[in-house]
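The values are calculated or read from the model by the stated rules, or taken from the named source; none is laboratory data. This structure is a prediction, so every number in the text was calculated from the model and none was measured. Backbone-built Cβ (ideal geometry, glycine too); neighbour counts: all protein chains shown.
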Amino acid sequence: MDFRREVERLLRQIPEAHVARCGDVARALGDVRASMAVFRFVAEHPDVPGASRVLSGTGVSAASAPFFADFQAKAPLEKIRAEQVALAAIVSSRDSFRSVHTIAGVDVSYEGDRGFAATVVLRASDLAVVDEAYATRAVRFPYIPTYLAQREFPLIRAAFDRLATRPTVLLVDGHGRLHPARCGVACFVGVNLGVPTIGVAKNPLSGTMSRRPNRGESVPVRIGRETLGYAVRRSSSARPLFVSVGHRVSLRTALRIVRSVCLTRSPEPLRLAHDLATEWKIRKVKRIRTGFVIRSPP
């Protein structure tokens, strides 16, 4: 989905002397969750035709013009949601390995419209780094809750494909089955890369738990009557992590692996991947601004 093209197509439909709400534009895209992404787009692109007619985009008064919401829309986000549902049927919640030799983590950092991904592979026995890889490219899909895979998968794939060591399991910074369509970014990554994956998210997206976990505890997170993840608290931080199946791993094994690599609040593979992605982004942006070009990661 080309987000900019789709939004511009909708903005051109707003008649003169009318205004539209960000939420109505988002609904025309197929999901009201895109409201904030629409708001950011019109705020950052005020010269795009129709942007000045969107409320909160340029401060147009709601009382100054009638509302327009009768968009002729293709609802592209509805199509993406349908693809998520179809992909969820492919996800396997069974272990596809007998033992864990290496555990990888992948994370993405951003600078404007550019993403910087880093993936790191650790030896399971002592958490020593055995491989790392990087990728960077322009990002054309904004952050919209429940559609993280559309934003991050191209970067994740590019970094993963550059690894010399294929890990036993990959930890993804985001949800797996704990998702409205049962198919978060960790599921998308696992199915498309053909690698066992585990979703590890910092914030809840869907599901309920009976109580917040105490330190050292793991509390089930349910959607309806089904347990699809766990809220895990391993450190002194009161904020739990949310662990769920990505692909080709059972929930019990996913929980065991994540607990085993949490030296701090964040699992060590994800903590290192985050640090590497952030450091690389800073170095690359700094060199670009001073006229140098980085041809390979530090």
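Computed quantities for the displayed model
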{"quantity": "Filter result (in a loop (DSSP other than H, G, I, E, B) and not polar (S, T, N, Q)) within region 238-266", "calculated": "A238, R239, P240, R248, V249, V261, C262, L263, R265"}
{"quantity": "Count of residues meeting criterion [more than 19 Å from the chain's Cα centre (by Cα) and surrounded by fewer than 16 Cβ atoms within 10 Å (Cβ to Cβ)] in region 97-122", "calculated": "4"}
{"quantity": "Some residue of region 147-169 being in a loop (DSSP other than H, G, I, E, B), among the aromatic types (F, W, Y) and surrounded by fewer than 21 Cβ atoms within 10 Å (Cβ to Cβ)", "calculated": "no"}
{"quantity": "Only one of E78, E83, E152 that is among the charged types (D, E, K, R) and within 23 Å of K202 (Cα to Cα)", "calculated": "E152"}
{"quantity": "Lone qualifier among E279, E268, E226 - being surrounded by 19 or more Cβ atoms within 10 Å (Cβ to Cβ) and charged (D, E, K, R)", "calculated": "E268"}
{"quantity": "Where a residue in region 1-30 is closer than 18 Å to E78 by Cβ and its partner, wherever it lies, is among the acidic types (D, E) and crowded, with 16+ Cβ neighbours inside 10 Å, with Cβ under 7 Å and at least six apart", "calculated": "L29/E6"}
{"quantity": "Every pair of residues 6+ apart whose Cβ atoms lie under 6 Å, when the first sits in region 257-278 and is assigned by TED's automatic domain parsing to the domain that holds T119 while the second is crowded, with 23+ Cβ neighbours inside 10 Å and part of a helix (DSSP H, G or I)", "calculated": "P267/V258"}
{"quantity": "Scope region 170-180; condition more than 19 Å from S125 (Cβ to Cβ) and either in contact with a Leu (Cβ under 8 Å, 6 or more places away or on another chain) or assigned to a strand (DSSP E or B) (or both); matching residues", "calculated": "V172, D173, G174, H175, R177, L178, H179, P180"}
{"quantity": "Residue check, S235 in the same structural domain as A138 (by TED's automatic domain parsing), part of a loop (DSSP other than H, G, I, E, B) and not basic (K, R)", "calculated": "yes"}
{"quantity": "Options E152, E132; residue that is within 19 Å of A37 (Cα to Cα), in contact with a strand residue (DSSP E or B) (Cβ under 7 Å, 6 or more places away or on another chain) and either at pLDDT 95 or above or outside the structural domain of S266 (by TED's automatic domain parsing) (or both)", "calculated": "E152"}
{"quantity": "Looking only at region 234-247, and only at residues there that are buried (at least 21 other Cβ atoms within 10 Å of the Cβ) and of a type outside the set (S, T, Y), the one that is farthest from the chain's Cα centre (by Cα)", "calculated": "R234"}
